[in-house]
Amino acid sequence: MTGSIRMPELDRRGFLRLTGMAGAAAAVAACGGPTVTAPGSGPAAVEQVDFTGVTPAKTITFWSNNPGSSGPVTQQIIDAYEAANPGMKVNLVNAGQNYEEIAQKFQTAQTGGQVPDLVVLSDVWWFRYYMQRSIIPLDSVIEAVGIDLSDYREVLVKDYQYNGAQWAIPWARSTPLFYYNKNHWQAAGLPDRAPTTWQEFAEWAPRLQAADTGAQHAFQMPALADYAGWTFQNNLWGEGGGWSRDFEVICDSPESVSALEFLKQAAAPGGWAGVSAKDQANDLSAGAVSATVSSTGSLAGVLRTAQFPVGVGFLPGGSKVDKPVCPTGGAGLGIPKNIPKENQLAAAQFIKFLTSPENCILFSQETGYLPIRNSANIDELVTKTPQAKVAIDQLAVTRPQDNARVFFPGGDGEMAKAAAKILNEQADVTETMQALKATLNNIYETQVKPNL
Amino acid sequence: MTVTLPKPAPPQGHPLSPRNLWSAALSSYVAIVVVVLIVALPLLWMVLSSFKSPAELITTTPTLFPESFAPTNYVEAAKRIPLVRLFFNSVLVTVIGAGIKVLLAIMTAYALVYVKFPFKNVIFAGILVTLMVPPQVSMLPNFLLISQLGGVNTYWGIILPGLGTGFGTFLLRQQFLSIPKSLTEAAEIDGAGHWRRLWQIVVPVSAPTIATVALVSIVFEWNDYLWPLIIITDPSMMTLPVGLNTLRNSEASALGYPLLMAGSVAIIVPVLIVFVALQRYIIAGLTQGAVKD
């Protein structure tokens, strides 16, 4: 057993109390999913942890879902850390195969007091932990271990700021990219670049379909369950819409409806787009489609599996907005609250090493995720993977995601369901968006507003 | 008056005549071959894919055989996860977990059939109700209880919550009810108590059904993913399904597929061996108790 797992003592009375709790939990579980926390229980000011005189623990546990097949490179960095810091031990635990699984495991761990010392927080989960008060504000620990936050890319750091505090450190950060098959582009007589707008791509699509490429579709829309809420922000923003503006849900605005009508027509029978069932990056790599939108975290995988030259470009703009129309994404690193200060400090020390300029380049090379440090020397990365430069350059025209996706618990899933109705069932866009708005507003009123 | 005698039936052809062979093939063997192919082809595909590169798997023009039969993926999978240790964990959890589960099911079913006590039917109804409750509902209470008892990262923490089996108890109860009363009554007259009657008469007679319950329990324990994922955080304590998960990831799934195939072969082969060893009993067990004397 690792040194950082803490077991609460259990006496007879505690056991009886626990069995009562277990029964209650079963009843609650039968009724529905967990809410963020009891309404009205959100504290006001952020209380920083004081690390004066604290000695870091020798052993910490790091829960990751190893995004972008990052397990081996993360372990490589851990080995280097342990070699550079004799006596220190980092236990890397695969806590799930995606962001949802690691989140469920972390949520469950809260109830039993078995939390790790460091955990991967996806863009749609970290705010939930802030509202639950299950992660610590990092400002004081950043200062204690000497992390220079100004050297991290500002747009990525800001994603984790709320209520005047920093709640996570960027790590496996990504943006969506436009991926295309250069051979198919050539066969269709298209210029070797990504389209500047979706309207331009709609003009190109018939040429791609007419060319003898063997592709099923000119474009493959991303797998909705994981991607709809994230990547469709690009389409919504391009038409002047969005899922929300601050905390006001605007998914049923004329601009948003117009953007989704465009996607609906593209995915209609006989249209130029398909919808991926599982993984659009694999669909592209297999040669089944000519283009797609996927995470920068898919870059390494696509380049290693595709048997054709792969092109990447900025996300296309829309008819109303050219840029910025690219959302940030991916995951950061957070430190749980209910662990000893010694472990929190040790976790922060490891974060400093894990996200150092050298290690962030190594991590980017192996996975395709963005280099998160300004001082990181990207020359070797760009020489080895020229496509990575596109992702790095696109950072300048990114914008933070809509609150409805990243701050509303379960909002992302509701967006995916609505997108599936529109694209797979060809449902009425206005009606679907009005229903989504009602659902998102309910989430805000019951789970977000009371805890802000 | 002309009497028309019925024509004598044509002599039966030789059993191996083309006509008989053809009808036998059409009526049974073709169906068997089709079913075997449906079952075997995915397994064959998995084994062959475990030798392929990601580019060979992610393609619109797949080939059946890999370019090379080099065990690269097996070596890489073993490097990434401690396969031997995980295999040991899975075997231990499966043998102990399934063993106790079957033992408890046998004894519970025996009590429900042969022991007189109040509210027997109510208790049996309660056992049936457990079959209707999704296991996810009990996940959180189980985690609370096991973690407070110190069961995180322990073998008993993985095993304990799954020891009660409503399905096994139900199946064995139905089987025990179908055993002729005369058998147990004769043993009772000879002075055999419940314990001897259970192990010397009821269990031997019910061997096929017990083998079925054992197999279902073994397969369930061997494949269980969600509970071990939640209760285990120490990589050295993980079972194969959880450990195997480290070979596949979000956002770069293509790279993990060949490794996943190699790891899956390691998981499935032992279960297949158990199934082959017990199949005679399983087939008999699934049909036993279907006909009332």
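The values are calculated or read from the model by the stated rules, or taken from the named source; none is laboratory data. Quick caveat: nothing in here was measured; it's all calculated off a predicted structure. In this analysis, Cβ positions are derived from the backbone assuming ideal geometry, glycine residues included, and neighbour counts consider all displayed protein chains. Quick note on the areas: whole protein, heavy atoms, side chains included, nothing else; ligands and nucleic acids left out. Shrake-Rupley method; radii C 1.70, N 1.55, O 1.52, S 1.80 Å.
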(message) Relative contact order for chain A: what percent, with Cα pairs under 8 Å and sequence separation of 6 or more?
(response) 24 percent
(request) Note the per residue figure in Å³ for the convex hull of the C-alpha positions in chain A. (result) 147 Å³
(request) Run down the lysines and flag those whose C-alpha is under 28 Å from the C-alpha of B:K52, throwing out any fewer than 8 positions away in its chain. (result) A:K182, A:K278, A:K384, B:K79
(request) Using only alpha carbon pairs under 8 Å that are at least six residues apart, calculate the relative contact order of the stretch B:78-287 and give it in whole percent. (result) 33 percent
(message) Just to make sure I understand: if all protein chains stay in place, what is the order of A:W243, B:W22 by accessible area at 1.4 Å, largest first?
(response) B:W22, A:W243
(request) Compare the Cα positions of A:N282, B:G126, A:A267 along the charge dipole of the protein assembly as shown (+1 at Cβ of Lys, Arg; -1 at Cβ of Asp, Glu; about the Cα centre) and return the one farthest towards the positive end. (result) B:G126
(message) Using only DSSP helix segments of four residues or longer, with each worth -39500 (n - 2.57), what per-residue ellipticity at 222 nm results for chain B after dividing by its residue count and rounding to 500?
(response) -20000 deg cm²/dmol
(request) Ignoring everything but the protein chains, give the 1.4 Å probe accessible area of B:T72 in square angstrom, nearest 10. (result) 90 Å²
(message) Projecting each Cα onto the charge dipole of the protein assembly as shown (Lys/Arg +1, Asp/Glu -1 at the beta carbon, about the Cα centre), which of A:P56, B:Q174, A:N338 comes out farthest on the positive side?
(response) B:Q174
(request) Add +1 for every Lys or Arg and -1 for every Asp or Glu among the other residues with Cβ under 15 Å from the Cβ of B:G193, and state the total. (result) 0
(message) Taking the full set of protein chains and a 1.4 angstrom probe, give the accessible area of A:D322 in square angstrom, rounded to the nearest 10.
(response) 90 Å²
(message) Angle check, please: helix A:99-112 long axis (alpha carbons) against the longest principal axis of chain A (alpha carbons), in degrees 0 to 90, nearest 10.
(response) 20 degrees
(request) Just list whichever of A:K89/A:K337; B:K120/B:K181; A:K105/A:K437 have alpha carbons separated by over 27 Å in the model shown. (result) A:K105/A:K437
(message) Using a 10 Å cut-off around each Cβ of peptide A:363-370, what is the average number of partner chain Cβ atoms that fall inside?
(response) 1
(request) Determine which residues of the stretch A:330-368 fall in the zone a paramagnetic label at B:E76 would reach in this model, i.e. backbone nitrogen under 19 Å from the point 7 Å along Cα→Cβ. (result) A:363-368
(message) Explain nothing, just compute: Karplus ³J(HN,Hα) = 6.51 cos²θ - 1.76 cosθ + 1.60, θ = phi - 60°, for every residue of the stretch A:113-129 in order, whole Hz, x for Gly and Pro.
(response) x, 9, 8, x, 9, 8, 9, 7, 10, 6, 4, 9, 10, 4, 5, 4, 5
(request) Using the 2.2 N^0.38 Å rule of thumb for compact globular proteins, work out how the stretch B:189-229 stacks up: its C-alpha Rg over that value, please. (result) 1.76
(message) Among A:G297, A:G96, A:V73, which residue has its Cα furthest toward the positive end of the charge dipole of chain A, with +1 on Lys/Arg Cβ and -1 on Asp/Glu Cβ?
(response) A:G96
(request) Please give the FRET efficiency for A:R245 paired with B:W156, using the beta carbon to beta carbon distance and R0 = 35 Å, rounded to the nearest 0.05. (result) 0.10
(request) Starting from the Cα of B:V95, step 7 Å along the direction of its Cβ; do the same at B:L44; then give the gap between the two resulting points in nm. (result) 3.4 nm
(message) Distance between the C-alpha centers of the stretch B:53-98 and the stretch A:50-116? Whole Å please.
(response) 25 Å
(request) State the antiparallel share, in %, of DSSP beta bridges confined to the protein assembly as shown, rounding to the nearest 5. (result) 60 percent
(request) Tell me what chain A gives for mean residue ellipticity at 222 nm when only DSSP H runs of n ≥ 4 count, each as -39,500 (n - 2.57), the sum divided by the residue total, rounded to 500 deg cm²/dmol. (result) -13000 deg cm²/dmol
